[in-house]
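*Asks:* Dumping the structure here so I can ask a few things about it.
The values are calculated or read from the model by the stated rules, or taken from the named source; none is laboratory data. All figures in this text were calculated on a predicted structure; none of them were measured in a lab. Reconstructed Cβ throughout: ideal geometry from the backbone, glycine too, with neighbour counts over all protein chains shown.
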Amino acid sequence: LVYIVTFFVDKTLKIDNFYIKNLYSISTLIYTIYGIKVLYSIFRVRIKWKIYGKLLAVATAIFFPVSIFVLGVIDSFGIIKIKIRRKE
């Protein structure tokens, strides 16, 4: 909700405020970090070594930050459910 409000105020109303820009940046960073967490939890099932899964998730976020942001937003709002099946 914070991201939507600050995006609307920043882009549509063109209000140039330090606090609004900081909230916009912080909420973008939070959703990106959450997207990395979601991607890591997907990789954790497939890759046995944890460090490789973490490095792959961070490398994916470096090369494709917008897609990781969208993944974080979609998963946090519950638009899609990402189910992880563990191998038995």
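*Asks:* Taking segment 37-69 as the search range and keeping residues that are touching a Lys or Arg at 6+ places or on another chain (Cβ under 9 Å) and under 30 Å from ASP10 (Cβ atoms), which one is surrounded by the most Cβ atoms within 10 Å (Cβ to Cβ)?
*Replies:* ALA57
*Asks:* Shifting gears a bit: May I ask you to verify whether ILE15 is at pLDDT 85 or above, at negative phi and not basic (Lys, Arg)?
*Replies:* Answer is no for this residue.
*Asks:* Only one of (1) under 21 Å from ILE4 (Cα atoms); (2) at pLDDT 85 or above is not met by ALA57, so which one is it?
*Replies:* ALA57 satisfies all of (1) under 21 Å from ILE4 (Cα atoms); (2) at pLDDT 85 or above except (1).
*Asks:* Give me a count of the residues in segment 1-31 that are over 16 Å from SER76 (Cα atoms), crowded, with 16+ Cβ neighbours inside 10 Å and not aromatic (Phe, Trp, Tyr).
*Replies:* Qualifying residue count, segment 1-31: 5.
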